[in-house]
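Peer 1: Input: one structure, supplied below.
The values are calculated or read from the model by the stated rules, or taken from the named source; none is laboratory data. Remember, it's a predicted structure, so these values are computed and weren't measured experimentally. Here the Cβ positions follow ideal geometry from the backbone for every residue, glycine too, while neighbour counts run over all protein chains shown.
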Amino acid sequence: MELWVISCDNICEKKCDMEKRLRAVFKGSVQGVGFRYMTERLAVRFPVTGYVKNQEDGTVEVVAEGLEQDLIEFLKTIKASSLESYIRDTQIFWEDFMGEYSSFRIVF
């Protein structure tokens with residue numbers, strides 16, 4: 001598993017057409033503020049599948065699959081949305097595409 005720190009600028013040049021899995025862990029005041037609902041709404045703008053889920057430690061996990069460039073744009077959109085003020089830190093993990101999901105949804 002690779003761990004990348006995303007700057008969201010000039011991230012990919014040659015491998016953006018590869019299918020990947022993005023796992024992002026958002027830290028901050030991210031629970032109880034509509035984070036999952038908004039993330040699910042933002043996901044419909046992109047050809048991505050996966051889920052968003054509250055974690056017991058107070059973080060929110062997003063797991064999404066799709067083309068790398070679409071995943072990067074999805075992540076940038078989350079960070080630039082009204083959720084931005086609630087996010088203190090984001091950990092990004094790039095993993096191999098598994099093809100497990102048929103849609104993007106909230107997991108409880």
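Peer 1: Restricting to the stretch 41-85, and then to whatever is crowded, with 16+ Cβ neighbours inside 10 Å and in contact (Cβ under 8 Å) with a residue 60 or more places away in the chain, can you tell me which residue is farthest from Ala24 (Cα to Cα)?
Peer 2: Per the criteria, the residue is Ala43.
Peer 1: What strands (runs of 3 or more DSSP E) completely inside the stretch 32-108 contain at least 2 residues that are of a type in the set (A, V, I, L, M, F, W, C) and modelled with pLDDT of 95 or more?
Peer 2: 60-67, 87-96, 104-107
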